[in-house]
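What follows is a short report on a single structure.
The values are calculated or read from the model by the stated rules, or taken from the named source; none is laboratory data. Keep in mind that this is a model prediction, so the values were computed, not measured. Note that we place each Cβ from the backbone using ideal geometry, even for glycine, and neighbour counts take in every protein chain shown. Remember, those area values only see protein heavy atoms, side chains included, never the ligands or the DNA or RNA. Shrake-Rupley method; radii C 1.70, N 1.55, O 1.52, S 1.80 Å.
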Amino acid sequence: MMRLTVAVLLLFCVSTTDAADLGWPDADYDPAIPTLKEVVGHAPGERLTRSADAQRYLRALAEAAPERTHLVEYARSWQGQPLSYLLIAAPQRIADLESVRADIQRIAHPRDLDDSAARALVDGLPAVVWLAYGVHGNEISSTDAALLTAYHLLAARNDDDVARMLDQTLVGIDPDMNPDGRERFVHHYIQTEGIEPAASSIAAERREPWPNGRSNHYLFDMNRDWLGLTQPESKGRVATFLEYYPLIHVDVHEMGTDTSYYFPPPAEPFNPHLTPGQLDRLELVGRNIGSFFDRFGYDYFTREIFDALYPGYGDSWPAFHGAVGMTFEMASARGLAGERQDGSIVTYAEGVQRHFVASIATIDAAAHNRSELLEAFLEYRRSAVRGAHGGPREYLLPAGRDPEAAHDFAGRLANHGIEVRRTTAATRACGVDLPAGSYLISSRQGAGRLVRTLLEDDSPIAEAFLAEQERRRARGLGAELYDVLGWSLPRLYNLPVTPCDRSVGGDPRPWSADDSFEVQVPPRAEVAWLVPWGTRAAGRFLAAGLRDGLVIRGANEPMTLAGRDHARGTLVIRVADHPDVERDALYERVVALARSSGAEVLAADTSWTTAGTSFGSRNVPRLHPPRIALAWDAPTRSLSAGHTRFVLERQFGYPVEPVRVAHLGEPALDRFDVLILPDGGNYAAVLGTGGVERLRAWVHRGGTLIGLAGATEFLTNAPAGLLPAQRERALDSPAAEVEDREPVAGVRITDDEAFAEAIAAADADPDWIPGVVMRAHPDPDHWLTVGLPEELNMMVEGRNVFRPLRLNEGVNALRFAAADELVVSGHLWQENREQWAYKPAVMVAEHGSGQVIGFTADPNFRGVMDGLNVLFLNAVLRGPAQTGRLR
């Protein structure tokens, strides 16, 4: 039975906190341990600590107490800033750190661990507690709290509680998980501050300009990147986690100013792969924090707002490795002081102090329950090996049509700490042909529950919770859902992963993400090289080849050459198109591109086709390297802008030029071939009438304009009118009546159903979709769909559903599936399911010599929609070749 501890007696209560009040009451601090003020010039909570100063203070602490600390830089941000963690424990733990790490690995991978060895590990290991602060760079108080926590653990003297914590735990402190975002916020704050804090909600220092400090350099919300692992900061964090497997992992945040403080237990819904024991341990730690807060007199709440469904947060992802994953949320001052609606003030110092107390309370709970937490973690991992969580034994990933994508996907899983095996011989299982080199992922491993929640189509929500949400929707109250409802990684990758409930042959061997992909070196060619289209590797080849100056053509129709069929989209690199390049040098360039991209490259010694199109046809146009403008700044949604830029620049190596929306109406836009409008708000207001007209003229002269999600609505509405589509209101929503305020005819309401109809909102929008993966089918005859499979999966959030374009208006290049097959992953309300069926996912319309392409959902959502990359590249890199633009 786990014990719930009571904190040391705390006899004072404060309503607001000054920087001078921070820390533990009546603590005796060792002057040999430097304070933050001694190192950087201000006390915790007194000023916003810059990222470089936080790192400087960590180094000072490590130098002052080397026998109790271990400082490690684990990653660098895109802007080159270091990310570090500081380990703190009793001297014997730090001295024996390598063996501690080795023993942690043994208990985390218990397949061959006997009971006596397991008992010895439980008796000897510390409880690892990981405190991670500031993943959102503008949630500022957490970094100072981290530094104060580290100081207290190292400087407190004659403190039995701290001594117990250091003896029983190994504490990891990551004070600044997003230095690029934090620096963006701090720079803004310093530029706008005056002689005293401006607390108003409209004060400049508290109102950040676009894109604000929440996200990192590429504008990713890194508290959603635990699934995708796209950013260097996230990759470093996960690799570090897998070294230590913390028993408790805390993700420290801020929330709206008009709140108090949140810590677990979380709100419903719960992910079905969380165990009852984990929920019990969340309550145990939460109760301990509550006892500390009661004695300090701090307000708090639990079980509201922050649910435990989506597995890609900093609290939820660790839970699927067996940790107690927690989020702390403090009312944000968004500066040094913030004014609430009731006139009360919340200060930066208050945030620092409350996060500090919550951090110490968490370590205290771990110290008092060390052996019980270790036993629970061991049993969690052992039970997963036994298959106590149910589900299929294996998940099968054939090397198949796109071996490079399969390799990349398997590597992503391995980076998640999931064991992957690779077949060395061809086999067949559960109706699936598995060539040698296919991948097997067993759910009978320590991370088995993570395997299931990442690979299965659905993580069902409790029926009682859904019934309550239906009741709320009927009353117009809105569903209590915090983030996306679908996230199946195979579906996002558009890869065929098949569950299989039996053992599989093929002589599989353990596989590591360090194993490189084997690229076939293309042979020399007399006439041309052909690159089959439809893979991300081919997309990288095209992007790099265009930048390298190769002349590349793209076939919009299939062809048969030398007895081999080549599908629509095939890239053609003719030797004759490079008269100024020596043949050997050209070959070496093609080989280098094949190696760097992983693409399949075929040689052709003749241009004679026996069926289909030919190299010299208009159906095989040259793909010129496009100059791409990306709309930047308000009103774009910064996350969409960042994801789009990241996909093009970092996943495919092709540069884009961010251009502020207010400047898109200037003549310099004519220098660009492609303009991408990310998801966003009122483009018309920012552009103005003249800007919209110049944008229309640019398209008419041959530009390719691409709208994503909310930007597509702008393209369909006046004054733009570039895409002849109409957004739909909700099914069966009554039309609004003329509001003349005159009396109306009386109506008789006879039952509850009639009453519900009488109060239904007029001209209502469809219900908001929080994030569901939907199935869509491409038009097999349109150039935009070359290289695509028969169906694609698209993450849809929002409510922008459009009627299909008519044949004389344009083309519905991708349309959603029928209602009964629409949902791939997640939960969709029945009305949404019926309304979105057969509606366009991507629309294309000609406008003069140019064209407009509208995506109804963002194809670059969180940088994880790898299965849509080819479609997006078709629009961006191949689109200009389909226009009448003069060059």
### Query
For the range 507-520, how many residues are modelled with pLDDT of 95 or more and in a loop (DSSP other than H, G, I, E, B)?
2
### Residue list for the range 435-466, restricted to those being acidic (Asp, Glu) and touching a residue at least 60 places away in the same chain (Cβ under 8 Å)
GLU456, ASP457, ASP458
### Message
On the basis of being assigned to a helix (DSSP H, G or I) and in contact (Cβ under 8 Å) with a residue 40 or more places away in the chain, does GLY277 make the cut?
### Response
yes
### Summary
Within the range 299-312, the residues that are farther than 12 Å from PRO269 by Cα, in a loop (DSSP other than H, G, I, E, B) and open to solvent by 10 Å² or more (accessible area, probe 1.4 Å) are ASP299, TYR300, THR302
### Query
So, of the residues in the range 667-686 that are assigned to a helix (DSSP H, G or I) and open to solvent by 20 Å² or more (accessible area, probe 1.4 Å), which turns out to be farthest from LEU873 (Cα to Cα)?
ALA685
### Task
Counting only residues that are open to solvent by less than 10 Å² (accessible area, probe 1.4 Å), give me the strands (runs of 3 or more DSSP E) lying completely in the range 591-652 with at least 3 of them.
628-632
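To keep it simple, each residue is scored yes or no on (1) under 30 Å from GLY665 (Cα atoms); (2) in contact with a Gly (Cβ under 9 Å, 6 or more places away or on another chain).
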| residue | (1), (2) |
| --- | --- |
| PHE714 | yes, yes |
| ASN717 | yes, no |
| GLU728 | yes, no |
| ALA745 | no, no |
| ALA761 | no, yes |
| VAL773 | no, yes |
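Each row is one residue, and each column tells you yes or no for (1) outside any loop (DSSP other than H, G, I, E, B); (2) surrounded by fewer than 24 Cβ atoms within 10 Å (Cβ to Cβ).
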{"site": "ASP820", "(1), (2)": "yes, yes"}
{"site": "VAL842", "(1), (2)": "yes, no"}
{"site": "GLU846", "(1), (2)": "yes, yes"}
{"site": "VAL852", "(1), (2)": "yes, no"}
{"site": "PRO859", "(1), (2)": "no, no"}
{"site": "LEU868", "(1), (2)": "yes, no"}
{"site": "PHE872", "(1), (2)": "yes, no"}
### Message
Could you go through the range 80-97 and let me know if any residue there is surrounded by fewer than 17 Cβ atoms within 10 Å (Cβ to Cβ), aliphatic (A, V, I, L, M) and under 25 Å from ALA361 (Cα atoms).
### Response
yes
### Hits in the range 541-557 (condition: open to solvent by 60 Å² or more (accessible area, probe 1.4 Å) and touching a strand residue (DSSP E or B) at 6+ places or on another chain (Cβ under 9 Å))
GLU557
### Task
Determine which member of the set ARG509, ARG524 is surrounded by fewer than 21 Cβ atoms within 10 Å (Cβ to Cβ), more than 24 Å from GLY787 (Cα to Cα) and touching a helix residue (DSSP H, G or I) at 6+ places or on another chain (Cβ under 6 Å).
ARG524
### Task
Report whether or not ARG473 is open to solvent by 30 Å² or more (accessible area, probe 1.4 Å), in a helix (DSSP H, G or I) and touching a residue at least 12 places away in the same chain (Cβ under 8 Å).
yes
### Conditions (1) in a helix (DSSP H, G or I); (2) open to solvent by less than 10 Å² (accessible area, probe 1.4 Å); (3) over 28 Å from THR143 (Cβ atoms): number failed by GLY351
(3)
### Query
Of the residues that sit in the range 653-666 and are open to solvent by 40 Å² or more (accessible area, probe 1.4 Å) and assigned to a loop (DSSP other than H, G, I, E, B), which one is nearest to PRO232 (Cα to Cα)?
PRO655
### Query
(1) under 23 Å from ASP96 (Cβ atoms); (2) crowded, with 24+ Cβ neighbours inside 10 Å; (3) of a type outside the set (A, V, I, L, M): which one isn't true of ASN178, the others all being true?
(1)
## Note on the structure
Result of the Cβ filter at 7 Å on the range 845-866, keeping first residues that are closer than 14 Å to PHE714 by Cα and partners that are surrounded by fewer than 23 Cβ atoms within 10 Å (Cβ to Cβ) and among the hydroxyl-bearing types (Ser, Thr, Tyr), at least 6 apart or interchain, is none
### Task
Determine whether THR143 is part of a helix (DSSP H, G or I), crowded, with 22+ Cβ neighbours inside 10 Å, modelled with pLDDT of 95 or more and touching an Asp or Glu at 6+ places or on another chain (Cβ under 7 Å).
yes
#### Entry: All positions within the range 666-700 that are in contact (Cβ under 8 Å) with a residue 60 or more places away in the chain, in contact with a Lys or Arg (Cβ under 7 Å, 6 or more places away or on another chain) and under 25 Å from PRO625 (Cβ atoms)
ASP673, PRO678
### Task
Determine whether VAL699 is farther than 29 Å from VAL844 by Cβ and either of a type in the set (Val, Ile, Thr) or touching a Leu at 6+ places or on another chain (Cβ under 9 Å) (or both).
no
#### Entry: Matching residues, the range 153-162, being touching a residue at least 24 places away in the same chain (Cβ under 8 Å) and either closer than 27 Å to THR257 by Cβ or open to solvent by 10 Å² or more (accessible area, probe 1.4 Å) (or both)
ALA156, ARG157, ASN158, ASP159, ASP161
### From ALA761, ALA697, ALA745, ALA718, residue being of a type in the set (A, V, I, L, M), over 29 Å from LEU477 (Cβ atoms) and under 36 Å from the mean Cα position of the chain (by Cα)
ALA718
### Message
Here are the criteria: (1) in contact with a Gly (Cβ under 7 Å, 6 or more places away or on another chain); (2) buried (at least 24 other Cβ atoms within 10 Å of the Cβ); (3) over 20 Å from ILE195 (Cα atoms); (4) of a type in the set (A, V, I, L, M). Tell me which single one LEU373 does not satisfy.
### Response
(1)
### Message
If I go through the range 539-557 residue by residue, how many of them are part of a helix (DSSP H, G or I) and either small (Gly, Ala, Ser) or at pLDDT below 95 (or both)?
### Response
4
### Task
Quickly run through the range 242-251 and pick out the residues that are farther than 14 Å from PRO266 by Cα and surrounded by 24 or more Cβ atoms within 10 Å (Cβ to Cβ).
PRO246, LEU247, ILE248, HIS249
### Message
Looking at the range 753-761, can you tell me whether even one residue there is in a loop (DSSP other than H, G, I, E, B) and open to solvent by 80 Å² or more (accessible area, probe 1.4 Å)?
### Response
yes
### Query
Listed residues ARG806, ARG887; which is within 21 Å of GLN726 (Cα to Cα) and surrounded by fewer than 21 Cβ atoms within 10 Å (Cβ to Cβ)?
ARG806
### Message
Can you pull out every residue in the range 796-814 that is touching a strand residue (DSSP E or B) at 6+ places or on another chain (Cβ under 7 Å), closer than 28 Å to LEU623 by Cβ and either in contact (Cβ under 8 Å) with a residue 60 or more places away in the chain or part of a loop (DSSP other than H, G, I, E, B) (or both)?
### Response
LEU805, GLU809, GLY810
### Boolean, GLU329 is part of a helix (DSSP H, G or I) and among the acidic types (Asp, Glu)
no
